[in-house]
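*Asks:* Following this message is one structure expressed as structure tokens.
Each reported figure results from applying straightforward, stated rules to the coordinates on display, with no laboratory input. No experiment lies behind these values; they were computed from the predicted model shown. Neighbour counts are summed over all protein chains in view; Cβ atoms, including those assigned to glycine, are modelled from backbone coordinates with ideal geometry.
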Amino acid sequence: MEMTQKIAIGKLAMLVATLTDEELEIFSEQLKDVEYCQGKSGSMSMQKVISAVETSAKRNHLISDKLYRETHALYHAILEALEGVMRGQIVAGDMMRTVGLRFAIVRGSPYEEFDEGEWLAVAFYGTIGAPVKGLEHEAFGLGINHIG
């Protein structure tokens, strides 16, 4: 059985995290087939970044706060995305570094085969560096996980 990709939720998450609303208009046709939200988080605490993404997902009804499997899937997508931003070490304040990130969460069915289910993609785009304004550099991370 051949499975073809229907929706590139990771690519859409990257675009939503990095582009302005005006720039995203070009992708409105692709975005109509998914649920998504975006937000910002800046901190020396990864707990605060994780909480910001989880809160946004719940407030925008991308995941149900009544279903643990959805929170669990989101958590793993967040951690995978943070590994990209943090270069494999998901630690900020203890290593004297801070992040200023925009994030996007996309929920969709990336496969033609219905039984493959829904997936979540989390993308971060922003800066990481010493906690001194002007000493940071760009960073990007992407995580994708299936829901249950």
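*Asks:* Can you pull the one-decimal nm distance between simple spin-label points at T127 and E22, each 7 Å off the Cα toward Cβ?
*Replies:* 2.2
*Asks:* Further, regarding this structure: Please say if segment 31-78 is rounded, prolate or oblate, where rounded means a/c under 1.5 for a ≥ b ≥ c the square roots of the C-alpha gyration tensor eigenvalues, and otherwise the choice is prolate for a/b larger than b/c and oblate otherwise? Mind showing how you got there, number by number?
*Replies:* Working: a/c = 2.12, a/b = 1.32, b/c = 1.60.
In terms of gyration-tensor shape, oblate.
*Asks:* Let me ask something else about it. Using only Cα atoms and rounding to the nearest 10 degrees, what angle (0 to 90) does helix 46-59 make with the longest principal axis of the chain?
*Replies:* 30
*Asks:* Sticking with this structure for a sec: Could you tell me which of rounded, prolate or oblate describes segment 1-72, using a ≥ b ≥ c as the square roots of the eigenvalues of the alpha-carbon gyration tensor, with rounded for a/c under 1.5 and, failing that, prolate when a/b is larger than b/c and oblate otherwise? If you can, show how the numbers build up before the last one.
*Replies:* Details: a/c = 2.04, a/b = 1.27, b/c = 1.61.
It is oblate, given that a/c is not under 1.5 and a/b is not larger than b/c.
*Asks:* Give the label of the value calculated from the structure for Rg/Rh (Cα atoms, Kirkwood Rh), choosing from (i) 1.15; (ii) 0.99; (iii) 1.26.
*Replies:* (ii)
*Asks:* Further, regarding this structure: Under 5 Å between amide hydrogens, which residues at least 5 positions from C37 or on another chain qualify, with H placed 1.01 Å from N in the peptide plane?
*Replies:* Distant-sequence amide H within range of C37: I105.
*Asks:* Measure up K32/K58; K11/K66; K58/K133; K32/K133; K6/K48 against 26 Å on the Cα-Cα distance and list the ones that go over. Before the final figure, lay out each step's value.
*Replies:* Details: K32/K58 20 Å; K11/K66 28 Å; K58/K133 32 Å; K32/K133 38 Å; K6/K48 33 Å.
Check vs 26 Å cut-off fails for K11/K66; K58/K133; K32/K133; K6/K48.
*Asks:* Still on this model: For G143, what charge total do you get from the other residues with a beta carbon under 11 Å from its beta carbon, if Lys and Arg give +1 and Asp and Glu give -1?
*Replies:* Numbers: positive: none; negative: E80, E83.
It works out to a net charge of -2.
*Asks:* Relative contact order, percent, of the chain when contacts are C-alpha pairs under 8 Å separated by at least 6 residues?
*Replies:* Once normalised by length, the contact order is 32 percent.
*Asks:* Measure nothing fancy, just the Cα-based angle from helix 68-85's long axis to the longest principal axis of the chain, in degrees from 0 to 90, nearest 10.
*Replies:* Orientation of helix 68-85: about 50 degrees from the principal axis.
*Asks:* Arrange the peptides 133-140, 16-23, 45-52, 100-107 so that the one whose residues have, on average, the most other Cβ atoms within 10 Å appears first.
*Replies:* Values: 133-140: 12.0, 16-23: 14.6, 45-52: 16.5, 100-107: 23.8.
The most tightly packed comes first, giving 100-107, 45-52, 16-23, 133-140.
*Asks:* Classify segment 100-148 as rounded, prolate or oblate from the Cα gyration tensor: take a ≥ b ≥ c as the square roots of its eigenvalues, call it rounded if a/c is under 1.5, otherwise prolate when a/b beats b/c and oblate if not.
*Replies:* On the way: a/c = 4.85, a/b = 4.57, b/c = 1.06.
Prolate.
*Asks:* Moving to a separate point now. Add -39500 (n - 2.57) for each DSSP H run of 4 or more in the chain, then divide by its residues: what number comes out at 222 nm, to the nearest 500 deg cm²/dmol? Kindly include the intermediate steps, with their values, before the conclusion.
*Replies:* On the way: 5 runs with 50 residues, N = 148.
That comes out to -10000 deg cm²/dmol.
*Asks:* Describe numerically, in nm with one decimal, the distance between label points set 7 Å from Cα along Cα→Cβ at K6 and at K48.
*Replies:* 4.0
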